[in-house]
Amino acid sequence: MTVRIGVIGTGMIGREHIRRITEVVPDAEVVVVSDVDPVRAEEAASVVGASALPSGQDVIADPRVDAVVVTSWGPTHAEYVLAAVEAGKYVFCEKPLATAAEDCLRIVQAEQAGGRRLVQVGFMRRYDAGYRALKRVLDAGEIGAPLLMHCAHRNPTVPESYHSEMATHDTAVHEIDTIRWLLADEIVTVQVLTPRSTSRRFPHLRDPQLMLFETAGGVRIDLEVFVNCQYGYDIQCETVGETGAVRLPDPADVWLRQAGNLRTGVLQDWQRRFGAAFDLEFVEWAASVREGKPAGPSAWDGYAAAVICDTTVEALHTGRPAEVRMKDRPTFYGS
Ligand code: NAD
Ligand code: ISE
């Protein structure tokens, strides 16, 4: 069976996912799209022979649509995800699930009321080969009980619209999800330290930021978010356990020996760093829709990430450790 998909939001990542679904994902096709900018929607639709509809709600209601992809601006996600859940349709939502934790909770409650999982959140790092290899080592107990984790998330530059809170909501949110997933543990406290800011940033941005997390199981994590590091897009993650340490591999590239130098490249953007992960994310999501068993990052993961992000922003503003206060995890979402 071919999964027929409707896409809401045909901006940068929406168009990229439309291409991905069309070229990479077996037995899936984009049948309708929508955007508040109708010209943009028409352009995106014409590339793949889909129809452009006037609104996102039309996409959700369209009887040709088996599953919805939400790639509009973050503040619009909650409305569309809720409508898709209420219509009983599978929905893949790019991060964030919603910009307010209460809205994430409404989605969680609506999904539970419907009695089956419909929502997947776009935390694509769970599909990266390196992160998956790292998780296999942790799950197999090869380094014993994890004690510490050191992470870095560096972007070469960011636009002027990027401000201090986005270091959490837009950027660290990826590590917040991967930490929870890798350790199968919950983050319970957060502190944010702000070293001297780089001169190569706009004045309204604290950059870098050092985020310190602690899990319920007592693991301590440090995460450096540095979004104007200039030299490239660089993602680091090392976990130290009782009997060993395991580190995320760098993306493969040649080592060039020449003129007295030994050098290799650093990727410049997240699109190339996680391109294969995005592909696999959509291949697995479409397969799970076909089987009626969504298994990727859930609405609960979207809610948990939103609460931890809010706590991190609170900690940034106070400079003090802050306690994460989230609801108890419903059994509906597993242990
Ligand atoms: P974008 O601005 O390029 O595109 C967003 C599109 O949504 C625009 O075309 C805009 O016109 C449209 N839009 C806005 N409001 C709408 C509405 N109410 N209904 C329909 N369409 C609407 O942004 P983007 O970079 O493509 O980001 C989109 C989403 O993807 C964001 O939530 C962002 O956080 C997420 N994202 C995720 C990753 C990742 O690594 N997983 C990377 C980049 C962006
Ligand atoms: C962007 O929105 C992303 O999601 C990227 O993965 C991240 O690296 C970047 O910092 C964000 O701005």
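The values are calculated or read from the model by the stated rules, or taken from the named source; none is laboratory data. Not measured: the values here are computed from a predicted model. Quick reminder, even Gly has a Cβ in these numbers, built from the backbone with ideal geometry, and neighbours come from all protein chains shown. Only protein heavy atoms, including side chains, enter the accessible area calculation; ligands, DNA and RNA are left aside. Shrake-Rupley method; radii C 1.70, N 1.55, O 1.52, S 1.80 Å.
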Residue-normalised accessible area of the chain, given per residue in Å² at a 1.4 Å probe: 46
ALA252 to THR2: extension gain in nm, 0.36 nm per residue of separation minus the Cα-Cα distance? 86.6 nm
Among the aspartates and glutamates, which have Cα under 12 Å from the Cα of LYS89 when same-chain residues fewer than 8 positions away are ignored? ASP62, ASP66, GLU111
From zero up to wherever the largest Cα-Cα distance of the stretch 3-121 sits, split into 10 Å bins and tell me the percent of pairs in each. 15, 50, 29, 5
Length released on extending from ALA245 to ARG136, taking residue separation times 0.36 nm less the Cα-Cα span: 37.9 nm
I'd like to compare 314-327, 22-35: which one has the highest average count of other Cβ atoms within 10 Å, and what's the full order after that? 22-35, 314-327
Starting from the Cα of ALA113, step 7 Å toward the Cβ, then list every residue of the stretch 74-89 with an amide N under 15 Å from that point. 79-89
Note the full-extension length gain between ALA287 and ASP58 as 0.36 nm times their separation in residues minus their Cα-Cα distance, in nm to one decimal. 80.0 nm
Sites ASP27 and ALA145, calculated FRET efficiency, Cβ-Cβ separation with R0 41 Å, nearest 0.05: 0.45
Rounded tilt (10° steps) of 101-114 against the dominant C-alpha axis of the chain: 50
Carbon plus sulfur, as percent of the 1.4 Å-probe accessible area of the chain, comes to 52
To the nearest 10 degrees, the tilt of helix 77-86 (Cα long axis) against the first principal axis of the alpha carbons of the chain is 50
Cα-based Rg and Dmax for the chain, where Dmax is the largest Cα-Cα distance (Å): 20.2, 66
Candidates VAL137, VAL227, VAL173, ranked by Gaussian network fluctuation over the chain, Cα under 10 Å, top entry: VAL137
How much mean residue ellipticity at 222 nm does the chain get from its helices, if each DSSP H run of length 4 or more adds -39500 (n - 2.57) and you divide by all residues, to the nearest 500 deg cm²/dmol? -10500 deg cm²/dmol
By how many degrees, 0 to 90 and rounded to 10, does the Cα axis of helix 12-23 deviate from the longest principal axis of the chain? 70
Summed side-chain charge close to ALA216 - residues other than ALA216 whose Cβ falls under 10 Å, Lys, Arg +1, Asp, Glu -1: -3
Would you tell me the accessible area of ASP253, worked out with a 1.4 angstrom probe on the heavy atoms of the protein chains, in Å² to the nearest 10? 80
